[in-house]
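The values are calculated or read from the model by the stated rules, or taken from the named source; none is laboratory data. All values derive from a computational prediction rather than experimental measurement. Don't worry about glycine lacking a Cβ; one is built from the backbone with ideal geometry, like all the others, and counts go over all protein chains shown.
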Amino acid sequence: MEISKVGIIGAGQMGSGISHVCALGGYKVAIYDIAPERVEAAMATINGNLARQVKKGVITQDQREAALALIEPADSLSDFSDTDIVIEAATESEEIKRQIFADLCPHLRPDTIVGTNTSSISVTRLAASTDRPEKFMGVHFMNPVPLMELVELIRGIATEDDTFQTFKTFVKSLGKSVTVSEDFPAFIVNRILLPMINEAIYVLYEGVGTVKGIDKAMHLGANHRMGPLQLADFIGLDTCLSIMQVLYEGLGDSKYRPCPLLVKYVEAGWLGRKTNRGFYDYRGDEPVPTR
């Protein structure tokens, strides 16, 4: 299948990042969000990130302008009627995603293939909410999308070989590397990463170390690019909690129990960078630990 136009649902961090790399890859992009102001914000983010890449010499000014010209806001899901691929990048909620697919599919051509950027939810279950489970699979980009090289591909039980091969070729055309995961809760990356973050939160909760102490220990002691609590803020504490809940409920093992402190922060609305408060307070010139 020849891919010309890509539809992106969700204009947050992931949706804007996926739109960015698709446009740079030479594909037409339609980006939709239930809140139109988020699409406007996403367009501004993409513009700024492309300008940053020009400044660093990663791309040329001509490439930036060409990419921006390929991205257009979509007013509704009916604007996806001429897309070849649609990638859903909405919030990590199975209920929300299933409703999106139910609303989306009537507007698509029969041959359009659909991907979900879910980082933890069963691809097989999400596929069952569509009219095309054979043309559906998990396509999990890493955050921040323009910088991270990896994409996890996850087949549902019904995913056809042609769908898998088309997505694999498409992802590689974006300059990304592929790893293939079975359809188990949280797949590969988050099955390993999120329990580590959750354990770091337990270390804080139990008073073993401070926010700064924990992050410094893993940054310098394990040579991680950033500490686990700083990373949790970057991912979003609500997303971290959602993934841990999927692991805990899906695998039934107490080692995946979300830390009560993580639950408390989410209940407080302290979700990390996107709300300016999480394990760090980002409202000043420098991030300050909140605990």
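Could you list all residues from segment 240-291 that are buried (at least 17 other Cβ atoms within 10 Å of the Cβ), among the charged types (D, E, K, R) and in a helix (DSSP H, G or I)?
273, 274
Determine which member of the set 205, 248 is modelled with pLDDT of 95 or more and within 23 Å of the chain's Cα centre (by Cα). Spell out how you get there, then give the answer.
Numbers: 205 fails: within 23 Å of the chain's Cα centre (by Cα).
On inspection, the qualifying residue turns out to be 248.
Quickly run through segment 204-239 and pick out the residues that are part of a loop (DSSP other than H, G, I, E, B), out of contact with any Phe, Trp or Tyr (no Cβ under 8 Å at 6 or more places or on another chain) and either among the hydrophobic types (A, V, I, L, M, F, W, C) or on the phi > 0 side of the Ramachandran plot (or both).
If the condition is that a residue be part of a loop (DSSP other than H, G, I, E, B), out of contact with any Phe, Trp or Tyr (no Cβ under 8 Å at 6 or more places or on another chain) and either among the hydrophobic types (A, V, I, L, M, F, W, C) or on the phi > 0 side of the Ramachandran plot (or both), then 207, 208, 222, 223, 236 are the ones that fit.
Does segment 1-25 hold any residues that are assigned to a loop (DSSP other than H, G, I, E, B), touching a residue at least 40 places away in the same chain (Cβ under 8 Å) and crowded, with 17+ Cβ neighbours inside 10 Å, and which are they?
In the first step, residues of segment 1-25 are kept if they are assigned to a loop (DSSP other than H, G, I, E, B); the result is 1-4, 10-12, 25.
Imposing the further condition that a residue be touching a residue at least 40 places away in the same chain (Cβ under 8 Å) reduces the set to 1-4, 10, 12, 25.
Of everything in segment 1-25, those that are assigned to a loop (DSSP other than H, G, I, E, B), touching a residue at least 40 places away in the same chain (Cβ under 8 Å) and crowded, with 17+ Cβ neighbours inside 10 Å turn out to be 3, 10, 12, 25.
I need a count of the residues in segment 90-129 that are among the hydroxyl-bearing types (Ser, Thr, Tyr), within 23 Å of residue 170 (Cα to Cα) and surrounded by fewer than 21 Cβ atoms within 10 Å (Cβ to Cβ).
The first filter runs over segment 90-129 and keeps only residues among the hydroxyl-bearing types (Ser, Thr, Tyr), leaving 91, 93, 112, 116, 118-120, 122, 124, 129.
From the residues that got through so far, the ones that are within 23 Å of residue 170 (Cα to Cα) too are 112, 116, 118-120, 122, 124.
Checking which are surrounded by fewer than 21 Cβ atoms within 10 Å (Cβ to Cβ) leaves us with 122, 124.
The number of residues fulfilling the criteria is 2.
Condition first: touching a Cys at 6+ places or on another chain (Cβ under 8 Å) and under 29 Å from residue 17 (Cα atoms). Now tell me which residues in segment 205-243 satisfy that. Walk me through how you get there before you give the answer.
In the first step, residues of segment 205-243 are kept if they are touching a Cys at 6+ places or on another chain (Cβ under 8 Å); the result is 205, 232.
Hit for segment 205-243 is 232, nothing else.
(1) surrounded by fewer than 19 Cβ atoms within 10 Å (Cβ to Cβ); (2) touching a strand residue (DSSP E or B) at 6+ places or on another chain (Cβ under 8 Å); (3) within 29 Å of residue 240 (Cβ to Cβ): which one isn't true of residue 28, the others all being true?
(3)
With (1) out of contact with any Cys (no Cβ under 9 Å at 6 or more places or on another chain); (2) surrounded by 13 or more Cβ atoms within 10 Å (Cβ to Cβ) as the list, and residue 175 as the residue in question, which single condition is left unmet?
Evaluating residue 175 over (1) out of contact with any Cys (no Cβ under 9 Å at 6 or more places or on another chain); (2) surrounded by 13 or more Cβ atoms within 10 Å (Cβ to Cβ) leaves (2) as the failure.
Go through segment 1-38 residue by residue and tally those that are hydrophobic (A, V, I, L, M, F, W, C) and within 16 Å of residue 166 (Cα to Cα). Steps first, answer last, please.
Of all residues in segment 1-38, those hydrophobic (A, V, I, L, M, F, W, C) come to 1, 3, 6, 8-9, 11, 14, 18, 21-24, 29-31, 34-35.
Within this subset, residues satisfying the condition of being within 16 Å of residue 166 (Cα to Cα) are 1, 3, 6, 22.
Final tally of qualifying residues: 4.
Residues in segment 178-194 that are surrounded by 17 or more Cβ atoms within 10 Å (Cβ to Cβ), part of a helix (DSSP H, G or I) and out of contact with any strand residue (DSSP E or B) (no Cβ under 9 Å at 6 or more places or on another chain): how many?
2
Say whether the condition of being in contact (Cβ under 8 Å) with a residue 12 or more places away in the chain and under 22 Å from residue 169 (Cα atoms) is met by at least one residue in segment 68-79.
yes
Filtering segment 54-76 down to residues that are part of a helix (DSSP H, G or I) and aliphatic (A, V, I, L, M), which residue is surrounded by the most Cβ atoms within 10 Å (Cβ to Cβ)? Steps first, answer last, please.
Restricting attention to segment 54-76, the residues satisfying the condition of being part of a helix (DSSP H, G or I) are 54-55, 61-70.
Of the ones still in play, those that are also aliphatic (A, V, I, L, M) are 54, 66-70.
Values: 54: 16, 66: 14, 67: 24, 68: 16, 69: 10, 70: 18.
Out of the qualifying residues, it is 67.
Counting residues that are over 20 Å from residue 28 (Cα atoms) and aliphatic (A, V, I, L, M), which strands (runs of 3 or more DSSP E) fully inside segment 86-171 reach at least 3?
Output list reads 150-155.
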